[in-house]
1. Would you please name the residue that is surrounded by the most Cβ atoms within 10 Å (Cβ to Cβ), looking only at residues in region B:16-58 that are of a type in the set (A, V, I, L, M, F, W, C) and assigned to a loop (DSSP other than H, G, I, E, B)?
2. Please tell me if residue B:113 is closer than 29 Å to residue A:10 by Cβ, touching a helix residue (DSSP H, G or I) at 6+ places or on another chain (Cβ under 6 Å) and not small (Gly, Ala, Ser).
3. Within the set of pairs 6 or more residues apart or between chains, which connect a residue that is polar (S, T, N, Q) inside region B:50-73 to a residue that is open to solvent by 50 Å² or more (accessible area, probe 1.4 Å) with Cβ atoms less than 7 Å apart?
4. Count, please, the residues in region B:82-96 that happen to be over 14 Å from the mean Cα position of the chain (by Cα), over 15 Å from residue B:61 (Cα atoms) and at pLDDT 95 or above.
5. Have a look at A:5, A:52, A:110 and point out the one that is away from every other protein chain (no Cβ under 13 Å) and either in a loop (DSSP other than H, G, I, E, B) or not aliphatic (A, V, I, L, M) (or both).
6. So, residue B:53, is that one farther than 22 Å from residue A:46 by Cα and either within 14 Å of chain A (Cβ to nearest Cβ) or not β-branched (Val, Ile, Thr) (or both) or not?
7. Applying the selection to region A:15-36, what residues are away from chain B (no Cβ under 11 Å), in contact with a strand residue (DSSP E or B) (Cβ under 8 Å, 6 or more places away or on another chain) and at pLDDT 90 or above?
8. Would you list the strands (runs of 3 or more DSSP E) that sit entirely within region B:59-114 and hold 3 or more residues that are of a type in the set (Asp, Glu) and within 12 Å of chain A (Cβ to nearest Cβ)?
Amino acid sequence: AQSVTQLGSHVSVSEGALVLLRCNYSSSVPPYLFWYVQYPNQGLQLLLKYTTGATLVKGINGFEAEFKKSETSFHLTKPSAHMSDAAEYFCAVSGPGANNLFFGTGTRLTVIP
Amino acid sequence: NAGVTQTPKFQVLKTGQSMTLQCAQDMNHNSMYWYRQDPGMGLRLIYYSASEGTTDKGEVPNGYNVSRLNKREFSLRLESAAPSQTSVYFCASSELAGGPAEQYFGPGTRLTVT
């Protein structure tokens, strides 16, 4: 069975500050991990994903995430927040043989000018 | 390419009415999905179709039916709408079912059942 926990349903940061959104997963098989972003009144779009290989994954818009197997974590970071980063962010997990993604409950990011 | 398209964008139904949400993709993807999104609950899978001709239940299938009409189209039907089905519905597609495949999402249908 696979599941995802996102700590913090709301995160606020100042413009220019570090963004850190937390994701912990549970998986009985080697996981594939994803971060999606949803802007207001839109569908989700992929930010980045980890499948195999390098554990530090770079995505679009300056975001990156690090797969840490020992901590079962896949936290999303961005060194300097921009106003356009305000959105809801979803972590998701899949695995070999799985037919679908399992999503976390989401974290709403607010960027304060 | 339009990607994943959904119709309608908004819908208001009365309890007991029926309706079909339409979804189409032009990326030649094999797999398609229907999710519902509710505040504080993230996205929950209703049904998916791993390939043309197959459909399977997801986490919350009760009250819904689906049809994979062809490779491009995957519709979701509410036979007798209930207020608990008030939600935002997203269709998605991917090249393969699950695994490392990225899912591409449509813009959503906002449904209110009164």
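1. B:50
2. Yes; evaluated as a whole, the condition is true for this residue.
3. B:51/B:30; B:65/B:77; B:65/B:79; B:70/B:52
4. Counting residues in region B:82-96 that are over 14 Å from the mean Cα position of the chain (by Cα), over 15 Å from residue B:61 (Cα atoms) and at pLDDT 95 or above gives 1.
5. A:110
6. So residue B:53 passes the test.
7. A:15, A:18, A:19, A:20, A:21, A:22, A:23, A:24, A:25, A:26, A:35
8. Working: elements: B:64-68, B:74-78, B:87-94, B:109-113.
Because the criterion is at least 3 residues that are of a type in the set (Asp, Glu) and within 12 Å of chain A (Cβ to nearest Cβ), no strands (runs of 3 or more DSSP E) in region B:59-114 meet it.
The values are calculated or read from the model by the stated rules, or taken from the named source; none is laboratory data. Computed from a predicted model, the values in this text were never measured in an experiment. Backbone-built Cβ (ideal geometry, glycine too); neighbour counts: all protein chains shown. Just so you know, the surface numbers come from the protein's heavy atoms only, side chains and all, with ligands and any DNA or RNA stripped out. Shrake-Rupley method; radii C 1.70, N 1.55, O 1.52, S 1.80 Å.
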